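Working notes, structure below.
The numbers here are math on the coordinates, done by the rules we state, and not lab data. The structure presented is a predicted model; accordingly, all values stated were derived computationally and were not measured. Cβ atoms come from the backbone with ideal geometry, glycine included; neighbour counts cover every protein chain shown.
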């Protein structure tokens, strides 16, 4: 099969990894470029075959791949980035609406791999730029503390706020923990709604204790649980179970990254009204598209200004990443889209 030529009239050629074809088409419709193609399969021994079926010579390439559950297809991604570079691509950008391997940001036990750093080195060695949405920042102040390449960190909180405003009458916006205060208050301020945050005590990956404050003054409002990521879903499940005890109807849920590992979605759904997520991870709950956000940022080619980043820890000096964590507190600077001063 011959290499398929592509038009030079588009700013980028968009190459989707398997499972990301719809997202790539959305990016193209938003003006990010023209969709290209790959050929990929596995040899009988399990090794991966990849081939760029579009001419990338002299082109700026956007490799599109959500990195939720990345292990199976990661080598394919790296092989394609290397192939694009060796075939003369002018620039190779990874568009990863969800960015994996951010949680392990220090050694919690002797001998552990600090996989956030390992993963960042692998990506940085293969790409010129990374574009992602609301990375799961813990102790790192920004992706630049991890990645040696240019990064565009985009923020979906305004999109969640706009969905709430358009879909829910008289909402009460509720965040998952004290560290989400700034992020949640920015969402609420954008739509003129009250907000509250829960108190969360995590005993392990699947063991979360959630305490609700007294919300009775807002019992006539519709609760909306918001978070940047729903992974195990336990925080959302516990909050949804407790809200009726204060006289609320079943809450709605809006999250940026809907991982919903295991049976978490099946356990959460009966406790809630609507559950919506962005399409950073393909899921039945997808209702908020990210293509326009990403396409506009890529076209601008400039790092966006400060946004409502969901930090779970205060930034620590790079050389102190492996030391024990310190008490959490939220960032204090208001995000510019709420009218605050940068």
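If each residue of separation counts as 0.36 nm, what is the full-extension length gain between residue 249 and residue 114 once their alpha-carbon separation is subtracted?
Details: separation 135, 0.36 × 135 = 48.60 nm, distance 4.23 nm.
Stretched fully, the residue 249-residue 114 segment lengthens by 44.4 nm.
What is the gain in length, in nm to one decimal, between residue 75 and residue 211 on full extension, counting 0.36 nm per residue of separation less the C-alpha to C-alpha distance? Don't skip to the end; give the middle numbers.
Values: separation 136, 0.36 × 136 = 48.96 nm, distance 4.21 nm.
Extra length available between residue 75 and residue 211 comes to 44.7 nm.
With the Cα gyration tensor of the range 1-127 in hand, give its eigenvalues times 5 under a square root as the equivalent ellipsoid semi-axes, listed largest first in whole angstrom. Intermediate results must be reported in sequence, preceding the final value.
Values: eigenvalues 157, 56, 35 Å².
Output for the range 1-127: semi-axes of 28, 17, 13 Å.
Between the range 56-105 and the range 220-290, the alpha-carbon centres lie 30 Å apart. When 47, 238 are arranged by Cβ crowding within 10 Å, least crowded first, meaning fewest neighbours, the order is 47, 238. The simple spin-label model puts a point 7 Å past each Cα toward its Cβ; for residue 51 and residue 178 those points are separated by 5.9 nm. Extending 7 Å from Cα along the Cβ direction at residue 103 and again at residue 199 yields two label points whose distance is 2.5 nm.
Report, as a whole number in µm² per second, the diffusion coefficient that Stokes-Einstein gives for the range 157-287 at 25 °C and 0.890 mPa s using the Kirkwood radius over alpha carbon pairs. In µm²/s, the coefficient is 170. Per the Kirkwood definition applied to all pairs of different Cα atoms, how many angstroms is the hydrodynamic radius of the range 74-188? That comes to 16.5 Å for the range 74-188. With neighbours defined as other Cβ atoms within 10 Å of a residue's Cβ, the residues 200, 170 order from fewest to most as 170, 200.
Taking every C-alpha pair closer than 8 Å and separated by at least 6 residues, the mean separation divided by the residue count of the range 32-90 gives a relative contact order of 36 percent.
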